[in-house]
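Peer 1: The structure is given below, and queries will be raised subsequently.
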């Protein structure tokens, strides 16, 4: 190990919620997710913090001051910091489409306001030292495709208002490029939307390695695919070239980063639509070289460290509860994160 201390290593809490809800796969409560994170250790190295999902049954978006204080005490008392958070902008949890009617757009923006309030209080309580608020368009790809130009303009208008809200609270927003969200479902459309908003001081990109791999494959946007159909994954040089194309386009916008693995397929469970299949860090079917490919996001095209992300987070959505409740799962994940920091970190 190199002894690098940055970027800090965070674990995501939302794998306990995303894709859950059935009798066989009920949500995993926040304290359990925190326990698993706190107990993970590899050669004396532990997680530095967590990233949150601002929705029940974890952290209610309407949490009162006492609830927020209890959350800060709980996380901080474990020696963990709080970094970024997911704003609940989707209709099923009270939000609304970013390209919807006035009422829907207001629900979207209200989720941003409430998220900024919570994260600001956590900052004031001393348990949060940085990080962003994660957003997407809360709109399906097919709905967006009915009028791509007009709908992107509507989304951009909503996100501009969201930027004003975030800026007033001293926050930054990051749009996560997932192929299930209209207007964000390809690397080119993602750049188009960011440019249409035109607020790089407030709105940036959240890169998740599992999702951005699918950008190269053209899922939901075959016109923008970079790898051919029936591609042989043993051609590592071609994979690398495609990933470089995507990272060169989106790296200038990237302000938050998720380390992840993907087996080159899509997956969805519960109410969550199909998106990149997150695989275990040790999955033999994983198509990414986690450490090497993470460097494309953490280093510039010149190979030099950007030092843009003060923390990085592991994202492992839609693993089974059996996998999530196994402590070795989190030790393996932490080991992968340490490998990334050893290769692309600093002191």
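The values are calculated or read from the model by the stated rules, or taken from the named source; none is laboratory data. All values reported here derive from a predicted model rather than from experimental measurement. Glycine gets a Cβ as well: all are built from the backbone with ideal geometry, and neighbour counts include every protein chain shown.
Peer 1: Can you find a residue in segment 196-210 that is touching a strand residue (DSSP E or B) at 6+ places or on another chain (Cβ under 8 Å), part of a loop (DSSP other than H, G, I, E, B) and surrounded by 16 or more Cβ atoms within 10 Å (Cβ to Cβ)?
Peer 2: Yes, the conditions are met somewhere in segment 196-210.
Peer 1: Out of segment 169-195, which residues are part of a helix (DSSP H, G or I) and in contact (Cβ under 8 Å) with a residue 12 or more places away in the chain?
Peer 2: As a first pass, look at segment 169-195 and keep what is part of a helix (DSSP H, G or I): 187-195.
Matches in segment 169-195: 187, 188, 189, 190, 191, 192, 193, 194.
Peer 1: A further question follows. Testing residue 166 on (1) touching a strand residue (DSSP E or B) at 6+ places or on another chain (Cβ under 6 Å); (2) part of a loop (DSSP other than H, G, I, E, B); (3) farther than 29 Å from residue 290 by Cβ, one condition comes back false. Which one is that?
Peer 2: Unmet condition: (2).
Peer 1: Would you pick out the residues in segment 170-195 that are within 16 Å of residue 108 (Cβ to Cβ) and surrounded by fewer than 20 Cβ atoms within 10 Å (Cβ to Cβ)? Quick ask: steps written out before the conclusion?
Peer 2: In the first step, residues of segment 170-195 are kept if they are within 16 Å of residue 108 (Cβ to Cβ); the result is 171, 173-176, 181-184, 193.
The answer is none; no residue qualifies.
Peer 1: Among the strands (runs of 3 or more DSSP E) confined wholly to segment 243-293, which include 1 or more residues that are modelled with pLDDT under 95?
Peer 2: Fully inside segment 243-293 and qualifying: 261-267, 275-279.
Peer 1: Additional query: Any idea which of 150, 126, 140 is modelled with pLDDT under 95 and either more than 30 Å from residue 7 (Cβ to Cβ) or surrounded by fewer than 21 Cβ atoms within 10 Å (Cβ to Cβ) (or both)?
Peer 2: Of 150, 126, 140, the one residue that is modelled with pLDDT under 95 and either more than 30 Å from residue 7 (Cβ to Cβ) or surrounded by fewer than 21 Cβ atoms within 10 Å (Cβ to Cβ) (or both) is 140.
Peer 1: Right, here's the next one. Tell me, please, whether a residue that is under 17 Å from the mean Cα position of the chain (by Cα), surrounded by fewer than 23 Cβ atoms within 10 Å (Cβ to Cβ), modelled with pLDDT of 95 or more and part of a loop (DSSP other than H, G, I, E, B) can be found in segment 310-332.
Peer 2: yes
Peer 1: So, in segment 211-238, how many residues would count as being in contact with a helix residue (DSSP H, G or I) (Cβ under 9 Å, 6 or more places away or on another chain) and either surrounded by fewer than 21 Cβ atoms within 10 Å (Cβ to Cβ) or in a loop (DSSP other than H, G, I, E, B) (or both)?
Peer 2: Matching residues across segment 211-238 total 13.
Peer 1: Collect the residues in segment 93-123 that are surrounded by 23 or more Cβ atoms within 10 Å (Cβ to Cβ) and more than 20 Å from residue 18 (Cβ to Cβ), keeping them in residue-number order.
Peer 2: Once the filter is applied, which keeps residues that are surrounded by 23 or more Cβ atoms within 10 Å (Cβ to Cβ) and more than 20 Å from residue 18 (Cβ to Cβ), segment 93-123 yields 99, 122.
Peer 1: While we're here: Does residue 50 qualify as being modelled with pLDDT of 95 or more, within 16 Å of residue 312 (Cα to Cα) and either crowded, with 19+ Cβ neighbours inside 10 Å or more than 21 Å from the chain's Cα centre (by Cα) (or both)? Spell out the reasoning first.
Peer 2: Details: modelled with pLDDT of 95 or more: yes; within 16 Å of residue 312 (Cα to Cα): yes; either crowded, with 19+ Cβ neighbours inside 10 Å or more than 21 Å from the chain's Cα centre (by Cα) (or both): yes.
Here the answer is yes, as residue 50 does meet what is asked.
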